[in-house]
Amino acid sequence: MQHLDDLIREAHRRIDTSTTLVALNDVRVHYLGRKGVLTEQLKSLGALPAAERAGAGQYINDAKRLVNEALDRRKQVLEQTELDAKLTAQALDITLPGRGHEPGGLHPVTRLLARVQALFERMGFRMETGPEIEDEFHNFDALNFKLDHPARAAMDTFYLRDWPLLLRTHTSPVQIRAMLAYGAPIRVIAPGRTFRHDSDVTHTPMFHQVEGLLVDEGVSMAHLRGTLSLFLQHFFERDDLQLRFRPSYFPFVEPGAEVDIRCIFCDGGGCRICKQGGWLEVLGCGLVHPNVLRACKINPERYTGWAFGLGVERLGMLRYGISDMRMNFENDIRFLQQFR
Amino acid sequence: MKISENWLREFINPAADAHALAERLTLAGIEVTSVTDALPPLDRVMVGEVKSVLPHPDADKLNICQVEAGSGRLLQIVCGAPNVHAGIKAPVILPGGRLPDGSEIRKAKLRGMESEGMLCSAHELALTDDHLGLMVLPADTPVGKTLTAVLGGADKIMEIEVTPNRGDCLSVLGIARELGALYDQDLKIPDAKPIAAVIKDMLPVKVEAPEGCRAFAGRIIRDLNSRATTPLWLCERLRRSGVRPIHPVVDITQYVMLELGQPMHAYDCTHIEGGIVVRWARTGERIKLLEGSEPELDKNVLVIADHRRVLGLAGIMGGSGSAVQDGTVDIYLECAWFSPTAISGRSRRLGLQTEAGYRFERGVDLQGQLRAMERATRLLMEITGGKPGPVTVMEEPRRQPSPVRLRRARLEKLLGIAVPGNDVVRILSRLGMPPQAAADGWDVVPPGYRFDIEVEEDLVEEVGRIHGYNLIPSLQYPGSASMALLPEKRLDMRRLQETLVQRGYQEVITYSFVDPELQRRLTGQQGIALANPIAADLAEMRLSLWVGLVQTLRYNRNRQQARVRIFETGLRFILEHNDIKQENVIAGLITGPQYPLQWGLPDRPADFADLKGDVEALLALSGNLERLEVLPAPHPALHPSQSAQLWLEGTDLGWLGVLHPQIAKILDIPSAVVFELKLEPLLMGRLPHSREVSRFPPIRRDLAVVVDETVTAAQLLQAARASGGAVVQDLRIFDIYRGPGIDSRRKSVALGLILQDSSRTLTNEAADAVMAQVAERLRCELGATIRD
Ligand SMILES: [Zn+2]
């Protein structure tokens, strides 16, 4: 069987040196094909004496099995190599930018309104909206603006030419509408556009306000302070944010206050933004004036409430550094896209 | 309002510096916006006396002055001021001193002549804006003293912003009273004892409009020294309060107003005929005013008149015909109480903002007239001399204001803290309203200068603000645990906004009032006009958000932005059945390339279909897309044959189309596609209802048909869907071809159908039958020929 051993050795050599599947297949055909060398060997068994036949047959079959296994192993290797080469050839420049639209963005005022709204909704306030062209009743009368009060004129109100109507100067009329519609107890916030006859770096004739209102039994200035502290701390994400209340005047609240926060830019040390004062004015507030409650058919002896109003563009200045209010409405796309 | 600290300290002198006082006032609601030095650093600036003036030998406009400035020897100073002459006193800055602007004054030669210092103008010393030459000091100013000393010494000016309800704080007295309450100290009020009449002269006074003038005090003073000048200290107090000295009599009335808050007016007595009448103006009456204008009056304007003509606008400004001037020796002093209702709005309407009007509009002390009259008379006696007559007083009987009850329990309930009773009494007393004890609290009668105390809450604020708002704790209100409704069928608007953002749109916010001309061009209509627009191009309420979007496009195109995709949500204001409808809409505009410049997509302009895809995406959110109807219709803003009106089950939803090329040309903007939709129907969605998804395999079949150009996609789709029946799961147009092989008035449309049965596997034969049915219907109904 010396001859067979050489044959097998030679087969292994040829298998291992085959570098393509085609070449490997030729090797398979050469040894194991119908007319292959090992197949021929089996056919020649018949020529052997019967006693040797079984042993030789076994020997040849083992050789066939070994060659077959070697062929399979080599085939797997070559297939993997071929696949690897194919996949390598399919390489993409994965650094090429993706295809399609790039997202636009929301206006900074919308972002801010959403944030304020979300925080108050977590405290159980419902959002209400109302008309921008208002009547004197909802914008002034019901809010305790007396007819002869200078504040009424000082508000610099836009009036319609052919109608006894005006553009709301604040979103407070929404509070009136909400109280008339739902009565007490009530918790609402009213975001929206407001209008005043004013135009310079810090004033645009249109701006946005969010007003909040809570009316219930036993509501005090302390509750107002508590809610506003919590809101401002969350809004600015500063749990050490300090507040101070300064008495102020709005006809529809009494007592009335303006709320300052410790300057978030200098921590109160004094800077350009807080005009060296260390405090930043953020909103106006107070306890709802009994005349307002009465105008909304709510008994001020039973119910008390608080209201606040804040300027959204002012928050944009504090939160995003938009120092020129006019930028908000010029709608320069390059400016707006910073806010997404 | 500017207030001098030194002046304030004559009334009350707490042991705290100006900044501390300012902080305390601010936290009590009297906002001090700034505290600044009343005088600039006046280093080595002395009072000098010009002894002699000789012309400079080598310069026309210069003089050589010998000046005595307290050093014991004369200084030679070269001076170019036109008003320099021997005998005047003026500030001198000595060599080594600095002007407020920082420049140092040195001994120097000017055109060859030695100059040892500089004679100064008020402007150079940063005291006023006057460019009137040297600051001439009164003759009795002591030579050799520092200018700072003779101007009353260092001082701080507090700039105070008083809220409109606190007219009582528009004076030194008013602010002092606040400090009295804050520091718990008594006030020192200047002497206002009546000055006895020396002469008997009086003018008859008739108040014909008592509703506008509740009190009127008048007095004649004769034989004033017409050569008297306003003393330096008084000029300086006025200057520190931001008031220009004019004439000693006028200066004194201004001084009293600043000090006590009571405006006054002085007339030249010789120009008053008969007597004084306080009345409403007659329509068409005119008066020449001190500041030069001559407004026409009407019966809403309160005037002071004599028996012949109008002398002045009550509480606002005097007329020039009766004004005190150089040489005036007999004057008539007026000190009245005009009601805010009679004054408010007038000065604004007439364009005359005056200190007096400002105070009367906010309400001056009902009982302050005589005090001011005596104070002014006393100052006049000191400064101009003269013989005062008796004071005429016309007064409406005053109703004692009814007391306001402050309940102890209510005070605590509203503030959220308990304020001790004796603190309440102390605070209210200091504010001039000593409370009377009552069963459950106190009764408080508001003083004549507080028009803002009407109800209990006003007193709660008074106690709270003086006690200190910042002593109030923070509490969370537990409140009722009600939950707001959350209707699921109603879409959150944020989803619409986000959808457009994902499709590359930038949200904008434009003004609700727009340019009427642009609006007319885009809507063919006139919007609701404002009575008092801030600008001519912001004069009408928008009828469509397109006006603002087009404006925004123009703005950005002017800034080289080729690709603009914007949207806005908000109200539009439409006249409907003689009523104003304020309707929430969403509108968008696209122009320029559909995609940002990139390697993987062709660079092509955005078109009608791109925008329509965006609109369809919005409708798909609420499940309304299948019910959308798109019909051709003309719109003034849109291309006549690329314009569509959108309908949703019979309601008009809005518009979509290409901007009219003529409009684009006139506005010099590129072609753009726009939409505007009512928000309300877009937000009305439905509750999803689950259906079983067919388990049987779908079959895709395509059908290419050639139809006339006039046949619309909607017609094809509708006919195909109707004839195909329930097995047509999906139906799409996937190609449109015009060109070789197709008649020029026809087009080839390729339809792709997904066929699927919900109960069994669809056979090829069944699918063929469906397709034959569809083809037949298209042929009969729409004249289609089928392509292979
Ligand atoms: Zn700061």
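Structure data summary
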quantity	calculated
Those residues of segment B:649-671 whose amide nitrogen sits under 18 Å from the label point placed on B:K489, 7 Å along Cα→Cβ	B:649-651
Average other protein chain Cβ within 10 Å of Cβ, residues B:638-649	0
Overall Cα dimensions of segment B:1-149, principal axis frame, Å, largest first	64, 26, 25
Alpha-carbon spread of segment B:682-788, three principal axes, descending order, Å	47, 43, 21
Spin-label model distance (nm) - A:L241 vs B:D140, 7 Å beyond Cα toward Cβ	6.0 nm
Over chain A: helical MRE at 222 nm, DSSP H runs n ≥ 4 each giving -39500 (n - 2.57), nearest 500	-13500 deg cm²/dmol
Summed residue charge, Cβ within 14 Å of B:D735's Cβ, Lys/Arg positive, Asp/Glu negative	+3
For segment B:233-241, Karplus couplings with θ = phi - 60° (6.51, -1.76, 1.60), whole Hz, Gly/Pro x	4, 6, 3, 5, 4, 5, 4, 5, 9
Hull volume in cubic angstrom per residue (convex hull over the Cα atoms of segment B:404-471)	73 Å³
Euclidean distance of C-alpha centroids, segment A:70-85 and segment B:366-417, integer Å	110 Å
Neighbour cut-off at most 14 other Cβ (10 Å), DSSP loop, GluC sites (Glu not before Pro), segment A:263-340	A:E301
Translational diffusion coefficient (Stokes-Einstein; Kirkwood radius from C-alpha pairs) of segment B:592-645 at 4 °C, 1.567 mPa s, in µm²/s	99 µm²/s
Kirkwood hydrodynamic radius (C-alpha pairs) into Stokes-Einstein, segment A:108-339, 20 °C and 1.002 mPa s, D in µm²/s	117 µm²/s
Within-11-Å neighbourhood charge of B:D268 [Cβ basis; K, R +1; D, E -1]	-2
Radius of gyration and Dmax over the Cα atoms of the protein assembly as shown, both given in Å	44.6, 172
Per-selection Rg to Rh, segment A:1-76 - Cα, Kirkwood hydrodynamic radius	1.01
Where no second cysteine Cβ lies under 4.7 Å, the cysteines concerned in the protein assembly as shown	A:C285, A:C296, B:C65, B:C79, B:C120, B:C169, B:C213, B:C235, B:C269, B:C335, B:C780
Cα gyration tensor category, rounded, prolate or oblate, for segment B:230-362 with a/c compared to 1.5	oblate
Dipole moment magnitude, nearest 20 debye, segment A:190-320 about Cα centre, only Lys, Arg, Asp, Glu C-beta charged	160 debye
Pairwise centroid distance, computed over Cα atoms, of segment B:272-348 with segment A:164-191, Å	43 Å
Those aspartates and glutamates that a straight Cα-Cα span of less than 19 Å connects to B:K156, excepting residues fewer than 8 apart in one chain	B:E5, B:E10, B:D17, B:E23, B:E31, B:D37, B:D43, B:E178, B:E236, B:E259
Dipole in debye (nearest 20) - the protein assembly as shown, about Cα centre, beta carbon charges: Lys, Arg +1; Asp, Glu -1	1300 debye
Inter-site label distance for A:A89 and B:I736 at 7 Å from Cα along Cβ, in nm	4.2 nm
Inter-chain Cβ neighbour average for residues A:97-103, partner chain, 10 Å	6
Shielding of B:508-518 by partner chains, average beta-carbon count, 10 Å	4
Over chain B: Rg over Rh, Cα atoms, Kirkwood Rh	1.18
Evaluated over segment B:493-683, the Cα radius of gyration and Dmax, each in Å	16.1, 55
Radius 12 Å from Cβ of B:P41, net charge of other residues (Lys, Arg +1; Asp, Glu -1)	-1
Karplus 3J(HN,Hα) series, Hz, for segment A:80-93 with 6.51 cos²θ - 1.76 cosθ + 1.60 (x for Gly, Pro)	4, 4, 4, 4, 4, 5, 4, 5, 4, 5, 8, 4, 9, 7
Within segment B:404-471: Cβ-based charge dipole about Cα centre, in debye rounded to nearest 20 (Lys, Arg +1; Asp, Glu -1)	200 debye
Mean projected area (nm²) of the alpha-carbon convex hull when segment B:429-528 is viewed from all directions	16.5 nm²
Principal-axis tilt of helix B:18-27 within chain B, Cα atoms, nearest 10 degrees	50 degrees
Segments B:516-522, A:24-30 sorted - mean Cβ within 10 Å per residue, highest first	B:516-522, A:24-30
Enclosed volume per residue, in Å³, of the convex hull spanned by Cα atoms of segment B:107-210	314 Å³
Calculated FRET efficiency for the pair A:H203/B:S34, C-beta based, R₀ 30 Å, to 0.05	0.90
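Every read-out reported here was derived from the displayed coordinates using simple, explicitly stated rules and does not represent laboratory data. Nothing here was measured: the structure is a model prediction, and the numbers come from that model. Every residue, glycine among them, receives a Cβ derived from its backbone with ideal geometry; neighbour counts consider all protein chains shown.
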